[in-house]
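I have placed the structure first, in the form of structure tokens, so that the comments after it can refer back to it.
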Amino acid sequence: MTTQPIVVWAEIPVKDLKTSISFYDSVFGYRTEIDSSAPFAVLNGSTAGVGANLFQSDDTGTRGNVIHFAVDGSCEAAADRVRSAGGQVLGEAVEIPAGRFIMALDLDGNQIGLFQPHAA
């Protein structure tokens, strides 16, 4: 059983990043800026705790919000469990500063992230 939060990150695909930033900033009083390394923006600029980002989507792939879940053990082992349970794995592990993740689809086609944090 994992000792960290179950949900560790959320992503919201948007068609127009600047317009969506304006929307979320207006609704919640955030101060969000586009990350210079990629077409995404961390909502309110905060990566402390559970957070979320907006990312530019051309609407040909991801639709709907993407939730990243903490997994016990490696993200590869979690990907194997997804396959065994009838889901689909969407590629290899991706390294980020906080850990690693693999994207997958559940039985209904919902995209989820399988997040493995770096050892403390």
Give the number of residues within the stretch 80-100 that are in contact with a Leu (Cβ under 6 Å, 6 or more places away or on another chain) and either open to solvent by less than 70 Å² (accessible area, probe 1.4 Å) or among the β-branched types (Val, Ile, Thr) (or both).
2
Here is a list of conditions, (1) at pLDDT below 85; (2) within 19 Å of Phe101 (Cα to Cα); (3) aliphatic (A, V, I, L, M), and Leu54 meets all of them except one; can you say which number that is?
(1)
Hey, among the residues in the stretch 57-67 that are part of a loop (DSSP other than H, G, I, E, B) and modelled with pLDDT of 65 or more, which one's farthest from Gly113 (Cα to Cα)?
Asp58
Is it the case that the stretch 53-68 has a residue that's over 12 Å from Trp9 (Cβ atoms), open to solvent by less than 80 Å² (accessible area, probe 1.4 Å) and of a type in the set (Asp, Glu)?
yes
Which of the residues that make up the stretch 34-46 are outside any helix (DSSP H, G or I) and surrounded by 12 or more Cβ atoms within 10 Å (Cβ to Cβ)?
Ile34, Asp35, Pro39, Phe40, Ala41, Val42, Ser46
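The values are calculated or read from the model by the stated rules, or taken from the named source; none is laboratory data. Since the model is a prediction, treat every value here as computed from it, not as a measurement. As a convention, Cβ positions derive from the backbone with ideal geometry for all residues, glycine included, and neighbour counts pool all protein chains shown. Surface accessibility is based on the protein's heavy atoms, side chains included, excluding ligands, DNA and RNA. Shrake-Rupley method; radii C 1.70, N 1.55, O 1.52, S 1.80 Å.
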